[in-house]
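Working notes, structure below.
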Ligand code: PGA
């Protein structure tokens, strides 16, 4: 199975910088074989331009959010319909920064997952425990509760796909990643929950790790069989770092299929 390398650019680059970054990624992977599945998540307004650049390349395009309705009086929101028009195939849902700064709740995230599936977009659902939950020994329970609230009881549509990004809140943007073995353990729990408890098809579900992934630690995460990929924030904005992460994924893939 391939590995995912997802680059979440957040609100950092403008349109011109987004184009330059995307161009750099394309140049950096030129001629390379055994590539992971790469998806870039630029800010909304950069999507159409970046799409022109990525169209017919091996790099996919995703959005950082979507609204749960397809059309209507929802000032300022962006629908799945628009995302499809600008070439997105993936969409981040429920990122911890949206939960923290915009009050996004489990119920809202759940509706967004359903909207993504209706539009045949691949939702990348972010979940993770807070520092307090971790310190009190409640990390696993917190992640499970959040996943149950967001995904439990949903009917998995035929031919849909799902990525769950395990992103411990204390690791996001902090420079302190989880230990790869710990992440792998949590991924195994997440997968069990999705497949055994929710009945989701195992082949359609991927579990990626996010939180201070960098060039120097990416290999350690990606070589874990339970880690299907990485969701990269800060380091995805530094071209050399991001290419190093892609290379780490290629190395892992290459070592499996010599
Ligand atoms: P980070 O962000 O890599 O900067 O920790 C990850 C994310 O927010 O998805």
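Listed here are the residues, each with its yes/no results for (1) surrounded by 18 or more Cβ atoms within 10 Å (Cβ to Cβ); (2) modelled with pLDDT under 95; (3) closer than 19 Å to residue 242 by Cα.
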residue	(1), (2), (3)
50	yes, no, yes
58	no, no, yes
62	yes, no, yes
80	yes, no, no
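Could you tell me whether the stretch 210-218 includes any residue that is surrounded by fewer than 22 Cβ atoms within 10 Å (Cβ to Cβ), in a helix (DSSP H, G or I) and modelled with pLDDT of 95 or more?
Pass one, the stretch 210-218, residues surrounded by fewer than 22 Cβ atoms within 10 Å (Cβ to Cβ): 212, 214-217.
Within this subset, residues satisfying the condition of being in a helix (DSSP H, G or I) are none.
Looking through the stretch 210-218, none of the residues is surrounded by fewer than 22 Cβ atoms within 10 Å (Cβ to Cβ), in a helix (DSSP H, G or I) and modelled with pLDDT of 95 or more.
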Qualifying residue in the stretch 165-173 (condition: near the ligand (Cβ under 10 Å from one of its atoms) and either closer than 18 Å to residue 152 by Cβ or surrounded by fewer than 19 Cβ atoms within 10 Å (Cβ to Cβ) (or both)): yes
Matching residues, the stretch 221-258, being assigned to a loop (DSSP other than H, G, I, E, B), surrounded by 18 or more Cβ atoms within 10 Å (Cβ to Cβ) and within 16 Å of the ligand (Cβ to nearest atom): 227, 228, 233
Only listed residue being without any contact (Cβ under 8 Å) to a residue 24 or more places away in the chain, within 26 Å of residue 200 (Cα to Cα) and in contact with a helix residue (DSSP H, G or I) (Cβ under 9 Å, 6 or more places away or on another chain), chosen from 70, 104: 104
Search result, residues across the stretch 4-24 that are in contact with a helix residue (DSSP H, G or I) (Cβ under 8 Å, 6 or more places away or on another chain) and away from the ligand (no atom under 16 Å from the Cβ): 14, 15, 18, 19, 22, 23, 24
Qualifying residue in the stretch 189-201 (condition: outside any helix (DSSP H, G or I), more than 9 Å from the ligand (Cβ to nearest atom) and either under 23 Å from residue 43 (Cβ atoms) or free of Cβ contacts under 8 Å to residues at least 12 places away in the same chain (or both)): no
Flag for residue 146 being surrounded by 15 or more Cβ atoms within 10 Å (Cβ to Cβ), within 16 Å of the ligand (Cβ to nearest atom), on the phi < 0 side of the Ramachandran plot and not in a loop (DSSP other than H, G, I, E, B): yes
Flag if residue 178 is under 17 Å from the mean Cα position of the chain (by Cα) and in a loop (DSSP other than H, G, I, E, B): yes
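The values are calculated or read from the model by the stated rules, or taken from the named source; none is laboratory data. Please read these numbers as outputs of a predicted model, since none were measured by experiment. Virtual Cβ from ideal backbone geometry, glycine too; neighbours counted across all protein chains shown.
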